[in-house]
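The values are calculated or read from the model by the stated rules, or taken from the named source; none is laboratory data. A quick note: this is a predicted structure, and the numbers were derived from the prediction, not measured. Heads up, the Cβs are rebuilt from the backbone with ideal geometry, glycines too, and the neighbour counts pull from every protein chain shown. Just so you know, the surface numbers come from the protein's heavy atoms only, side chains and all, with ligands and any DNA or RNA stripped out. Shrake-Rupley method; radii C 1.70, N 1.55, O 1.52, S 1.80 Å.
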Amino acid sequence: METLNMKRILPGATIGVLGGGQLGRMLALKGREMGYRFATLDPTPDSPCGQVCDRQVTAHYGDEGAARELGRIADVITYEFENVNAGVAAVLERESYVPQGSELLRTTQHRLREKRAVEAAGVPVAPYREIATIADLREALQAFGAPCVLKTATGGYDGKGQFVIRRHEQAAEAFTSLGGGNVELIVEQFVDFVRELSIVAARGLDGEVRTFPPAWNVHVNGVLHTSTAAPGLIPADVDARARKMAADIAASLNVVGLIAVEMFLKADGTLYVNELAPRPHNSGHYSMDACTASQFELHLRAVCGLPLPEPKLLTPVVMVNVLGEHVAPLLHWMEAGGERTLPEGVVAKLHLYGKAESKPGRKMGHVNLLADDPDKALRWIETCGIWS
């Protein structure tokens, strides 16, 4: 039911984005189609988001004065990644209009708080323990066995801030390498999963929740490589349970906008939540070309108080990330007319992020491969030479 005081931000208004990376860029590009103006705050001049905004405030995320400047420019403020300063978000929440609030940031910036919040929503997570001392870690290893994963409670992404402990003898090395004794740590029991899944859920100001079709994710060296979405990709009951878990988390955490829920699927059908991201997510990029509405449109609609359409899959799709080492071979393939050699039934949609410097392992873009059969697209990724 619609709330009586729900604020609607209509096209023509200015949306402020905390963070100037690729997620903000794609958010602004979609929003411009809808008629909105954009401003961003980011420390990097000519940031990917700044390139497509009306204005960029160039300052560190912790600069409260710069945040207030963004607040003066914008009619509504959102954030494009969870490592923006939660204190600054709290200032803006008091002085400007930030429908997402700051509490969700505070929760998802800390793995222990995040896991407890997921459990409070009635959703299972893999067994874990808080680690303060090397004795704690050794005790957890005795309980969980090896392998298990030691992580920093804050920071870390794309495999950073983690140590996979494969033998009990690695406990001291893992504890020291992650700053044990000086930073908060958490150890997670290794889940013997058959697939990594994610669900992107959108929740509006009125509590309405929409979920995107589940993505099957494959990681390489801790970085997302491909996300595949297709009818029948996972059993219908697993699809339904995964969507309900994501919707329950969105409701329990009072999300406004998007939340991405990463999950492990075990052979017996059990689902465990791994991590949350309170923003557009890499594994949801497939929706830009393959769904009736993208994750970016639903995020904007949610924070602007507009109705949320049901996002339906129009075609099977495989999203493949373009890292720094893939840019040159990708461009060479395009220059040589490689698009004409794609398998029949496969269409490539390229999205590059406008980053100034290409580095190995850095996300520079992605390609959405629309395909009548996703296996064709996956085989092409393996054999085309770009991602070898």
Considering region 234-388, what Rg and Dmax in Å follow from its alpha-carbon atoms? 17.4, 51
So which chymotrypsin sites (Phe, Trp or Tyr not before Pro) in region 1-109 pass both tests, a DSSP loop state and at most 16 other Cβ atoms within 10 Å of the Cβ? Y97
What FRET efficiency comes out for T292 versus T383 if R0 is 30 angstrom and r is the Cβ-Cβ distance? Round to the nearest 0.05. 0.45
Cleavage-rule hits, trypsin sites (Lys or Arg not before Pro), region 1-58, DSSP coil, Cβ neighbours within 10 Å at most 14: K7, R8
Principal axis box of region 145-265, alpha-carbon based, largest edge first, Å: 47, 31, 24
Distance from the Cα centre of region 290-321 to that of region 1-54, in angstrom? 16
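Would you mind getting the accessible area per residue of region 101-174, heavy atoms of the protein chains only, 1.4 Å probe, in Å²?
Values: 3500 Å² over 74 residues.
Here the per-residue accessible area is 47 Å².
Computing the accessible area with a 1.4 Å probe over protein heavy atoms, can you report the carbon and sulfur percentage for region 57-202?
Numbers: 2980 of 6500 Å².
Reported share for carbon and sulfur atoms: 46 percent.
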Computed for region 42-95: size of charge dipole around the Cα centre, +1 on C-beta of each Lys and Arg, -1 on C-beta of each Asp and Glu, debye to nearest 20, value 120
Considering only G257, G65, G50, give the residue with the highest GNM mean-square fluctuation for the chain, with springs between Cα atoms whenever their separation is below 10 Å. G65
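If I take every Cα pair under 8 Å that is 6 or more residues apart in region 155-220, average their sequence separation and divide by the length, what percent do I get for the relative contact order? Intermediate values should be presented prior to the final figure.
On the way: 40 pairs, mean separation 13.5, N = 66.
Contact order relative to length: 20 percent.
Longest exposed-loop-site-free stretch of the chain, with GluC sites (Glu not before Pro), DSSP loop and at most 15 other Cβ within 10 Å?
Values: sites that count: E2, E208, E344, E357.
Value returned for the longest uninterrupted segment is 3-207.
Could you work out the Rg to Rh ratio of region 299-348, with Rh taken as the Kirkwood radius (inverse of the mean 1/r over all Cα pairs)? Before the final figure, lay out the partial values.
Values: Rg = 17.0 Å, Rh = 14.5 Å.
Computed over Cα atoms, the ratio is 1.18.
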With +1 on each Lys and Arg Cβ and -1 on each Asp and Glu Cβ, how big is the dipole of the chain about its Cα centre, in debye rounded to the nearest 20? 280
For the chain, built as a Gaussian network whose Cα springs stay under 10 Å, the top-fluctuating residue of M34, M364, M334: M334
Using a Gaussian network model of the chain whose springs link C-alpha atoms within less than 10 Å, name the residue from A121, A135, A215 with the highest mean-square fluctuation. A135
For a bin width of 5 Å, list the pair-distance distribution of region 202-259 built from all Cα-Cα distances, rounded to whole %. 4, 18, 21, 18, 19, 15, 4, 1
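Of K115/K244; K30/K349; K115/K312; K160/K244, which pairs sit farther than 24 Å apart, going by alpha carbon to alpha carbon?
Details: K115/K244 17 Å; K30/K349 16 Å; K115/K312 30 Å; K160/K244 29 Å.
Pairs exceeding the cut-off: K115/K312; K160/K244.
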Tell me the relative contact order for the chain as a rounded percent, counting alpha carbon contacts under 8 Å between residues six or more apart. 14
Protection proxy (average C-beta count within 10 Å per residue), highest first, orders 12-21, 219-228, 234-243 as 12-21, 219-228, 234-243
Distance from region 185-236 to region 342-388 (C-alpha centre basis), Å: 19
With no solvent and one equal point scatterer per Cα, compute the Debye intensity ratio I(q)/I(0) for the chain at 0.08, 0.11, 0.14 Å⁻¹ and report its log10, rounded to two decimals. -0.42, -0.82, -1.32
Under 1.5 on a/c is rounded, so check that first for region 26-168, then, if it is not, pick prolate when a/b is larger than b/c and oblate when it is not; a ≥ b ≥ c are the square roots of the alpha carbon gyration tensor eigenvalues. prolate
Ordered by number, the trypsin sites (Lys or Arg not before Pro) in region 125-179 that occupy a DSSP loop and have at most 13 other Cβ atoms within 10 Å are K160, R166, R167
Ranking G181, S287, H60 by how far each Cα lies towards the positive end of the charge dipole of the chain (+1 on Lys and Arg Cβ, -1 on Asp and Glu Cβ), the top one is H60
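Quick one: work out the % antiparallel among DSSP beta bridges in region 96-236, nearest 5. Present the calculation step by step, with values, prior to reporting the outcome.
Numbers: 25 of 26 bridges.
Within region 96-236, antiparallel bridges account for around 95 percent of the total.
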